[in-house]
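Below you'll find the structure, written out as structure tokens, and then a few comments.
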Amino acid sequence: MSAERPPIDVASQPGDGRLPYRASPNWQTPEGVKRISVLSGQCCSLGRGGHTEGVDRGLRDLKREATAQALAEAAFELTRERGLSGFVTADVVDRAGYSRRTFANYFSCKEEAVASVAFGGVDDASAVLTALPADLPLLDALLAVMRDQFTADTLVRMRELMAMGRQYPSLEPYVLGVQQRMRQTAQELLGSVAGDRYPAIYVPLLFGAVYGAVMAALEGTFDVHLDGASDATPASMDYSSFLDITFDYLRHGL
């Protein structure tokens with residue numbers, strides 16, 4: 001029998017402008033294997049350059065995402081444990097298992113890394129929208145994305161990140177920047193799904209209403225209890241009920 005192969009360090013492809021980085025341990029999980037299999041199944045397996053280019057690009061993107069998320073997770077956890085002033089970039093890379101050069105390839109500072117953790121619990125919503133019927137009303141499509149992608153666990157982390165932003169002034173601009181990028185990306189995606197089925201003003205109005213309601217829940221304006229949080233009161237509503245009420249008002253009017 002041949003000896004078991006050691007873990008492989010995966011270097012960036014030539015010419016992609018990236019420094020070498022290590023593949024995330026998540027690649028060995030069933031979910032990681034499934035995502036690779038889906039990408040591979042979309043391309044021919046003859047091995048010719050034109051047929052494998054899509055796979056190579058997809059794998060590189062996934063590796064970059066895994067690296068960035070590992071660094072963001074490490075920075076976020078260190079902020080939880082020590083406070084923002086209790087660690088430096090060297091501590092982040094030591095915990096995540098990467099080099100300082102790799103960190104610099106993704107983030108300008110530890111604050112940016114901490115704020116970027118908000119992206120980790122939100123997978124590509126386009127996959128959810130693609131699986132929905134093409135004639136599904138946009139309001140119902142948005143509700144499906146909210147239930148599938150913005151889970152209670154994801155929102156607990158986002159709520160904690162917002163609290164960190166209020167506690168540490170140097171972190172707050174990065175948290176606000178991440179929120180803005182997430183909002184812009186989501187609204188553009190929703191607009192592409194809507195196409196010409198709705199008036200131009202409909203998508204920003206719909207998304208703005210939903211985004212405002214979610215932010216109010218995260219900031220505590222609404223008494224919404226999220227699974228994993230310890231702030232429940234007798235008057236709290238759970239996240240699922242909050243979504244039902246919000247979208248019912250949007251569907252039937254206030």
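Overview of values
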| read-out | value |
| --- | --- |
| From the options Val203, Val193, residue that is within 13 Å of Leu138 (Cβ to Cβ), among the aliphatic types (A, V, I, L, M) and modelled with pLDDT of 90 or more | Val203 |
| Within segment 131-152, tally of residues that are over 21 Å from Ser241 (Cβ atoms) and over 21 Å from the mean Cα position of the chain (by Cα) | 6 |
| Hits in segment 216-254 (condition: under 25 Å from Pro137 (Cα atoms) and either modelled with pLDDT of 90 or more or surrounded by 16 or more Cβ atoms within 10 Å (Cβ to Cβ) (or both)) | Ala217, Tyr239, Phe242, Leu243, Asp244, Ile245, Thr246, Phe247, Asp248, Tyr249, Leu250, Arg251 |
| Lone qualifier among Gly58, Gly32 - being at pLDDT 75 or above, farther than 17 Å from Glu112 by Cβ and either surrounded by 15 or more Cβ atoms within 10 Å (Cβ to Cβ) or within 19 Å of the chain's Cα centre (by Cα) (or both) | Gly58 |
| Conditions (1) under 23 Å from Val117 (Cα atoms); (2) part of a helix (DSSP H, G or I): number failed by Phe150 | (2) |
| Residue in segment 88-95 that is acidic (Asp, Glu), farther than 22 Å from Leu176 by Cβ and in contact with a Leu (Cβ under 8 Å, 6 or more places away or on another chain) present | yes |
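The values are calculated or read from the model by the stated rules, or taken from the named source; none is laboratory data. Worth saying up front: this structure is predicted, and the values here are computed from it rather than measured. For neighbour counting, all protein chains shown are included, and Cβ atoms are generated from backbone atoms with ideal geometry for every residue, glycine included.
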